[in-house]
Amino acid sequence: MEAVFTLPYSEYMVINHMQKIFKKGDGYSIYMPVSRQQKGVDFILHNSRNNKILRFQVKSSRAYIDDPKILKNGKIKTSEFKYYLWLSNFVEKYNPGNADYYIIYGLFPVYKGKINEKNKCWKSLYLCYKEQEMFGFLERVVSKENKIQPYFSYGFNNDKQIFSTRGSNEEASQYLLKNKIEEIKQEIQ
């Protein structure tokens, strides 16, 4: 009898995406811990040509859709962003040196034409932070009283431009994974 091994969907999607970029033929492999209770590392990217590794941690959120709402007075209330990702602020659980990179994964629906289930497809959003960038950002997620917020969020209308929207209002498009690939390649070569 074969043992059953489960992998969270977010980790599966991130690993699948990374394998398309870091190909086996170029000497790259991806390894995962066999224990789901393993803390700190969700997968390791290995370069067999020089035996270097990078450790990755995946955090994820489903997309919350903020469609326009009709108020009691008949006015339409719209939001700046159609989609939001909400994540727990893990700055207080941080153990320095556990991971080299943090990837934030989000899954959101895109509708072709009229909004209904038949016209829906799903897209993935990948943000990538170096360890120092991630915890610098999390420390900036504070309230007006300068207290650490328990959650942080991102708002976006498409997968090309994204903004942090809770506690730290700043553009985060530079952290899209596609913008970090060259940095990762340089670090592992």
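The set of residues in the range 72-93 being surrounded by 14 or more Cβ atoms within 10 Å (Cβ to Cβ) and either touching a helix residue (DSSP H, G or I) at 6+ places or on another chain (Cβ under 9 Å) or of a type in the set (K, R) (or both) consists of K82, N89, F90, V91. Here G25 meets each of (1) surrounded by fewer than 13 Cβ atoms within 10 Å (Cβ to Cβ); (2) in contact with an Asp or Glu (Cβ under 7 Å, 6 or more places away or on another chain); (3) not charged (D, E, K, R) with one exception, condition (2).
Residues considered: M18, M32. Of these, the only one that is surrounded by 11 or more Cβ atoms within 10 Å (Cβ to Cβ) and modelled with pLDDT of 95 or more is M18. The residues of the range 18-43 that are in a loop (DSSP other than H, G, I, E, B) and either under 17 Å from E182 (Cα atoms) or free of Cβ contacts under 8 Å to residues at least 24 places away in the same chain (or both), listed by number, are F22, K23, G27, P33, S35, Q37, Q38. For the range 147-161, the criterion of being over 16 Å from the mean Cα position of the chain (by Cα) and without any contact (Cβ under 8 Å) to a residue 40 or more places away in the chain is met by at least one residue.
The values are calculated or read from the model by the stated rules, or taken from the named source; none is laboratory data. These figures come from a predicted structure and were not determined experimentally. Glycine also receives a Cβ, built like all others from the backbone with ideal geometry; neighbour counts cover every protein chain displayed.
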